[in-house]
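Below is one structure; the comments refer to it alone.
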Amino acid sequence: MKIICVGRNYVDHAKELNNPVPTEPLLFMKPSTALLNNNKPFYHPEWSENIHYEAEVVLRICKNGKYIQPEFADTYFDQVSLGIDFTARDIQDRCKAKGHPWEIAKAFDHSAVIGPFISKLEIDPSSIHFQLERNGQVVQDGQTRDMIFSFADLIVYMSQRFTLQVGDFIYTGTPAGVGKVEIGDELVGRLEGREMFRIQVK
Ligand code: ZN
């Protein structure tokens, strides 16, 4: 399986990092070894001094597809979850300044927290409210209505480049409020009020 992620899919987040608002999706990938599930702790890597949390709605692909047509795109995912795209912001900034790829800042082990999946039939995928709490304070509060590129837009664009396969995950971008994690933090994610994960940073 593969994990395809979207950068800058919420205007307020693009602005908080002084990035331009994109006119087409900005994609990157993580390998399967990036996954961190079942509320296992996140061990802060020693090679970064600025790991950021980015809470994101995650889609699970349920059919293989290539060049998926817009009118069918929503039938290619069946379940949604909430995750964190952990990002080594200091390393990413260094890569960006040199014009280098970002993989080492994004695709490292356990950089992709994932909660349990719920059927998309249980919610309205076009309007999902999600929150991230850090040590009991809400630091991110998102609504999928505010995405620049909808789930269908993303599936169409991605599938023109990468064949989507059953079991792939799509991280759909983070809203404003990203920030640094510290050892000892507790991160709690909620989707439509349900607790989806509770992660200790060690
Ligand atoms: Zn992200």
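None of the figures in this text is laboratory data; all of them are computed from the coordinates on show. This one's a predicted model, so the numbers in the text were calculated from it and none came from an experiment. Cβ coordinates were reconstructed from backbone atoms using ideal geometry, including for glycine residues, and neighbour counts include every protein chain displayed.
Please determine whether any residue of region 118-139 is free of Cβ contacts under 8 Å to residues at least 40 places away in the same chain, among the hydrophobic types (A, V, I, L, M, F, W, C) and closer than 19 Å to Met29 by Cα.
Checked region 118-139: no residue is free of Cβ contacts under 8 Å to residues at least 40 places away in the same chain, among the hydrophobic types (A, V, I, L, M, F, W, C) and closer than 19 Å to Met29 by Cα.
Determine whether Gly167 is within 14 Å of the chain's Cα centre (by Cα) and not charged (D, E, K, R). Let's see the steps before the verdict.
Numbers: within 14 Å of the chain's Cα centre (by Cα): no; not charged (D, E, K, R): yes.
No.
Kindly indicate which of Ala73, Ala55 is within 23 Å of Ser150 (Cα to Cα) and under 16 Å from the mean Cα position of the chain (by Cα).
Sole residue among the options that is within 23 Å of Ser150 (Cα to Cα) and under 16 Å from the mean Cα position of the chain (by Cα): Ala55.
For region 91-114, what are the residues that are more than 11 Å from the ligand (Cβ to nearest atom), in contact with a Phe, Trp or Tyr (Cβ under 7 Å, 6 or more places away or on another chain) and closer than 13 Å to Ile51 by Cα?
His110
Kindly indicate the residue of region 87-107 that is touching a helix residue (DSSP H, G or I) at 6+ places or on another chain (Cβ under 7 Å) and within 14 Å of Glu46 (Cα to Cα) and also surrounded by the fewest Cβ atoms within 10 Å (Cβ to Cβ) among those meeting that condition.
Filtering region 87-107 for residues that are touching a helix residue (DSSP H, G or I) at 6+ places or on another chain (Cβ under 7 Å) and within 14 Å of Glu46 (Cα to Cα), the one surrounded by the fewest Cβ atoms within 10 Å (Cβ to Cβ) comes out as Ile104.
Can you pull out every residue in region 69-80 that is of a type outside the set (Asp, Glu) and surrounded by fewer than 23 Cβ atoms within 10 Å (Cβ to Cβ)?
Restricting attention to region 69-80, the residues satisfying the condition of being of a type outside the set (Asp, Glu) are 69-70, 72-73, 75-77, 79-80.
The answer is Gln69, Pro70, Phe72, Ala73, Thr75, Gln79.
Return the residues of region 1-28 that are surrounded by fewer than 21 Cβ atoms within 10 Å (Cβ to Cβ), within 12 Å of the ligand (Cβ to nearest atom), more than 21 Å from Ser127 (Cα to Cα) and in contact (Cβ under 8 Å) with a residue 40 or more places away in the chain; say none if nothing qualifies.
Residues satisfying the conditions are Leu17, Leu27, Phe28.
Quick one: how many residues across region 9-20 are closer than 22 Å to Val139 by Cβ and in a loop (DSSP other than H, G, I, E, B)?
Residues meeting the conditions: 4.
Restricting the first residue to region 171-187 and requiring it to be assigned to a loop (DSSP other than H, G, I, E, B), which pairs with a second residue that is more than 15 Å from the ligand (Cβ to nearest atom) and acidic (Asp, Glu) meet a Cβ separation below 8 Å and a spacing of at least six or different chains?
That search, which allows pairs on different chains as well, returns Pro175/Asp141; Gly177/Asp141.
Given the structure, is Ala152 part of a helix (DSSP H, G or I) and over 15 Å from Val58 (Cβ atoms)?
yes
Scan region 31-56 residue by residue and report those that are within 11 Å of the ligand (Cβ to nearest atom) and under 22 Å from Pro125 (Cβ atoms).
Glu54, Ala55, Glu56
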